[in-house]
Every structure is written in structure tokens, then in C-alpha cells.
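First the structure, in the form of C-alpha cells, and then the observations on it.
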Amino acid sequence: MVLLCVSRTAAQTPSPVPVEVVRLVGGSGLVGRVTSTGGGKIHMYVDGVGDVVIDSAAIASRSPVPPPPPPPSPWSGTITGSMTHISTVAPGLAGSTLGAQVNLGVARMGARSAVSLDGNLSYWRREPDSAAANQWGLSLGGRRMLAARWVLLGRSQFDVNHVQFLEYRSTTIAGLGYFVVKSPRVSLLVASGLGYGKSEQTAYGRVLSFAAGIPAGVAGPITGVHDMLSLQLTPMLGFQQDAHYFWSLRASTPYRQAEFNAKLLGMVTTHFGLSIAFRQQYDSSMPPPVNRTLRSLISGVQVKL
């Protein structure tokens with residue numbers, strides 16, 4: 001008895017010839033695939049040209065084409081350390097404020113959407129009180145492009161600001177935005193939306209509110225408008241501005257809140273930069289004699305992760 005065993009071997013596809021860079025003695029070069037060598041000649045196939053025969057004596061060097069760089073990571077992060085000076089909080093009670101601040105930001109960018117998480121911690125010296133870590137905040141934001149210029153926005157922010165006798169302030173708002181200008185160097189976004197806001201004052205702030213006969217906190221639905229401007233002045237120098245203005249939808253709670261930010265950032269290297277910023281904040285719920293408007297000048301260094 002004869003046994004036959006027939007095996008079937010899959011045809012192996014030869015690996016493609018790697019692409020090379022051939023430098024000539026005169027300084028020029030060719031990029032293609034070397035098909036054969038011999039007889040003092042090199043046969044090479046160049047896309048768009050065809051087969052090329054080169055004398056070996058005319059070749060200065062041969063090297064493989066470097067692989068393409070990996071795609072950029074969708075994740076990014078920044079750490080900013082700064083010194084801040086704030087205008088007088090409450091005349092006769094709390095003077096100007098000087099302190100240090102650390103900001104940490106993490107963001108993820110997609111083709112049509114973006115998510116960001118920002119946090120800050122401040123250590124203030126408010127005259128005449130002693131220095132203390134009495135201000136911090138967290139904010140979570142996201143946006144998704146609906147069309148070429150229309151974008152859906154959402155942001156939730158939580159702040160603790162004992163400098164201004166504010167136990168906490170929470171604001172959540174979502175809305176629709178439109179890019180009035182959108183280019184690699186300049187972008188201007190305007191938006192409006194609806195949300196919910198709530199704030200409570202510290203024990204001392206509640207005493208001031210009781211003396212003034214006003215509520216020590218506010219809560220309820222809000223609406224508002226927002227703008228964001230980004231301007232790339234040079235490859236290493238950029239300007240950013242954003243502002244928002246919120247007001248209560250309840251007639252019984254005439255609450256208004258506004259904030260304006262302007263920042264100039266100059267990158268010294270790819271990952272290290274210097275910044276100077278101006279911030280103005282307004283909160284109508286602050287009891288007298290606390291100033292409802294505060295102005296801050298912030299200068300610091302930024303590291304991109």
C-alpha cells in the first residue's frame with residue numbers, strides 16, 4: 001500500500017525592496033528602489049522617472065529613507081506657575097492681595113471634538129491676614145463641531161474664593177457657538193447658552209450680607225454669552241482673550257456675573273514659555289463693602305507637557 005501526502009504551501013510574497021536615498025558626488029540625490037547592482041552600475045527605479053542607471057563611482061552614499069514621524073498625540077497638557085496681584089477686596093477690611101498660583105490643564109483633541117480639564121490652586125497673602133491656600137478651582141469643558149463654523153459647547157466650573165469671602169461658586173452652562181473668523185492664525189468664537197448657577201459665601205461673608213440685608217447665596221437657572229479670540233502673532237508668540245457674561249433668569253434673583261481674560265504667551269522653546277495676563281471679575285452677589293469688581297495681573301512661566 002502506498003500512501004501519498006500532498007501538502008499545499010501558500011505562495012510567499014517577496015518583501016518589497018526598501019526605498020533608499022542615493023546621494024551623488026555632485027551633491028544631488030535620488031529617492032527610489034535599487035533593483036540590481038553589478039558591473040560597476042546600480043539600477044534604480046525612481047517614481048515619476050522610471051529606471052535609472054548610475055555609475056557606482058558617482059555615488060557618495062546610500063541610506064534608507066527614514067520612517068515617517070508618528071502622528072501627534074491627541075493628548076496635551078500644560079503646567080503654569082505664576083505670581084498674581086489683585087486689587088483691594090474690601091476697603092478698610094481686606095487690602096490688596098499678593099500670591100502664587102499653579103495651574104494644570106489636560107486636553108484631548110479629536111477631529112471634530114475636544115475635552116479639557118483645568119485646575120488651579122492659589123496661595124494668597126491678603127492684607128492684613130496671614131498667607132493661606134484659600135483659592136482653588138476645577139473646570140471641565142467640551143465642544144463638538146456640528147458644521148464648518150457651528151460648534152456645540154458645554155462647561156462646568158467650580159471655584160472656591162475665600163479672598164472674596166466666597167465659600168464656593170458653581171456654574172454649569174451649555175450652548176451653541178459660531179466661529180466668526182476661523183483660520184490657522186486667527187479665530188473668533190461667539191456663543192450663547194443656558195445653565196444653572198449657585199454660590200455661597202463664607203461665614204464672614206454671610207455676616208456682611210446679613211448686615212446689608214441681601215441673600216448670602218444665589219441659586220437658579222442662568223443664561224449668558226461668551227466669546228473667545230485666539231491670535232497667533234508669530235510662530236512663538238500668541239494672544240488669547242475670552243469673556244463671559246451670565247445673568248439669572250429669575251426676576252426675584254437679579255444675579256449677574258462677568259469675567260474678562262487677556263493673555264500674552266511667548267514660547268522660549270517648544271515646551272517652555274513666559275506669560276502675562278490680565279483678569280477682571282464681577283459678581284453682583286458680593287455684599288458691601290466687598291468690591292464686586294476685582295482686577296488681577298498675573299505673570300508666570302508655562303511648561304507644555
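The values are calculated or read from the model by the stated rules, or taken from the named source; none is laboratory data. Bear in mind that the values here come from a model prediction, so they are computed numbers and not experimental data. Note: ideal-geometry Cβ built from the backbone for every residue, glycine included; neighbour counts use all protein chains shown. For accessibility, only protein heavy atoms count, side chains too; no ligands or nucleic acids. Shrake-Rupley method; radii C 1.70, N 1.55, O 1.52, S 1.80 Å.
Figure legend. Inter-residue proximity from the stretch 211-236: first residues within 25 Å of Gly177 (Cα to Cα), second residues among the small types (Gly, Ala, Ser) and open to solvent by 40 Å² or more (accessible area, probe 1.4 Å), beta-carbon distance below 9 Å, spacing 6+ or different chains. Indicated pairs: Gly220/Ser252; Thr223/Ser192; Gly224/Ser192; Val225/Ser192; His226/Ser192.
Would you call Gly195 buried (at least 16 other Cβ atoms within 10 Å of the Cβ) and over 17 Å from Ser284 (Cα atoms)?
Yes, satisfied.
When the stretch 252-305 is limited to residues that are small (Gly, Ala, Ser) and more than 30 Å from Gly213 (Cα to Cα), the one that is most open to solvent (accessible area, probe 1.4 Å) turns out to be Ser299.
Within the stretch 288-296, identify whether any single residue is at pLDDT 90 or above and not in a loop (DSSP other than H, G, I, E, B), and answer yes or no.
no
Selection over the stretch 210-225 of residues that are over 28 Å from Gly175 (Cβ atoms) and touching a strand residue (DSSP E or B) at 6+ places or on another chain (Cβ under 6 Å) gives a count of 1.
Condition first: within 28 Å of Met286 (Cβ to Cβ), crowded, with 16+ Cβ neighbours inside 10 Å and at pLDDT 95 or above. Can you find one or more residues in the stretch 159-171 that meet it? No.
Just to be sure, is Leu189 open to solvent by 40 Å² or more (accessible area, probe 1.4 Å) and assigned to a strand (DSSP E or B)? Spelling it out, it is not the case that Leu189 is open to solvent by 40 Å² or more (accessible area, probe 1.4 Å) and assigned to a strand (DSSP E or B).
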